[in-house]
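Shown next, in structure tokens, is the structure this report addresses.
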């Protein structure tokens, strides 16, 4: 399953911003996979912090192979030592078991998060050990498919903005200008800025000042 959007979103963004309109036309539709299982998404994002996507995918597959079902009961039964053996750090294994315990004990209502507005959902998710604001925002986008996620803490989005608009630096005030411009479809704008950051448009460069050579 891919993040769901269509011409309504891209037409709106194109009307609001000529440079983004040109990028959307050049790049075309973007398919980004989503995982609508909120429990699995939290675990998956904890695993993926500060490691490559390839390493994340390897550990995730090992977990699925070892446990069969990735849920609170199976994770608690495995425990920290077995989770570590899958290739993750002790701390991540602790975060995952702590989250699983909260779900098992009903001290964290995961289903209630679906009904919360974005800011409340981010606060709730980032109250979990191992989940920061950026990770919570990514869960909102790539699991819950919220339409207006535009993360200041995402370095690739900042890079995409620098490349598209020829900025040397993206501070909070400038970022908020773009957030307001792209709302209520910030998530789709994020998809295109990630693509731009990754080199989807040949010849575009990052205008950030070069760091002096050591």
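The values are calculated or read from the model by the stated rules, or taken from the named source; none is laboratory data. In this text, all values refer to a predicted model and were calculated from it rather than measured experimentally. Positions of Cβ are backbone-derived with ideal geometry, glycine not excepted, and every protein chain shown enters the neighbour counts.
Among the residues of the stretch 59-75, those that are in contact with a helix residue (DSSP H, G or I) (Cβ under 8 Å, 6 or more places away or on another chain) and more than 21 Å from residue 139 (Cβ to Cβ) comprise 66, 68, 73.
Considering 85, 50, 56, which residue is out of contact with any helix residue (DSSP H, G or I) (no Cβ under 7 Å at 6 or more places or on another chain) and under 30 Å from residue 202 (Cα atoms)? After applying the criteria, what remains is 50.
Condition (residue is within 16 Å of residue 40 (Cβ to Cβ), surrounded by fewer than 16 Cβ atoms within 10 Å (Cβ to Cβ) and over 17 Å from the mean Cα position of the chain (by Cα)) applied to the stretch 108-130: is it met by at least one residue? For the stretch 108-130, residues within 16 Å of residue 40 (Cβ to Cβ), surrounded by fewer than 16 Cβ atoms within 10 Å (Cβ to Cβ) and over 17 Å from the mean Cα position of the chain (by Cα): present.
Hey, any hits in the stretch 145-156 for a residue that's assigned to a helix (DSSP H, G or I) and within 18 Å of the chain's Cα centre (by Cα)? Yes: the stretch 145-156 contains one or more residues that are assigned to a helix (DSSP H, G or I) and within 18 Å of the chain's Cα centre (by Cα).
Scanning the stretch 67-81 for residues that are surrounded by fewer than 15 Cβ atoms within 10 Å (Cβ to Cβ), modelled with pLDDT of 95 or more and farther than 22 Å from residue 113 by Cβ turns up 77, 79, 81.
Would you mind stating whether residue 169 is out of contact with any helix residue (DSSP H, G or I) (no Cβ under 7 Å at 6 or more places or on another chain), part of a helix (DSSP H, G or I) and loosely packed, with under 14 Cβ neighbours inside 10 Å? No. The residues in the stretch 132-160 that are under 18 Å from residue 24 (Cβ atoms) and crowded, with 20+ Cβ neighbours inside 10 Å can be counted, and the count is 5.
Pick from 178, 192: which is outside the structural domain of residue 112 (by TED's automatic domain parsing), in a helix (DSSP H, G or I) and within 19 Å of residue 30 (Cα to Cα)?
None of the other options fit; the residue is 192.
Residues that are in contact with a helix residue (DSSP H, G or I) (Cβ under 7 Å, 6 or more places away or on another chain) and outside any loop (DSSP other than H, G, I, E, B) within the stretch 88-98 comprise 90, 92, 93, 94, 95, 96, 97, listed in sequence order. Checking each residue in the stretch 22-66 for being loosely packed, with under 14 Cβ neighbours inside 10 Å, under 14 Å from the mean Cα position of the chain (by Cα) and part of a helix (DSSP H, G or I) picks out only 53.
Just the residues that are in contact (Cβ under 8 Å) with a residue 12 or more places away in the chain and part of a helix (DSSP H, G or I), please, taken from the stretch 67-76. Before the answer, list the steps.
Kept after step one, since they are in contact (Cβ under 8 Å) with a residue 12 or more places away in the chain, are these residues of the stretch 67-76: 70-73, 75-76.
Within the stretch 67-76, 72, 73, 75, 76 meet the criteria.
The selection criterion, being closer than 25 Å to residue 113 by Cβ and either touching a residue at least 12 places away in the same chain (Cβ under 8 Å) or crowded, with 19+ Cβ neighbours inside 10 Å (or both), does not hold for residue 197.
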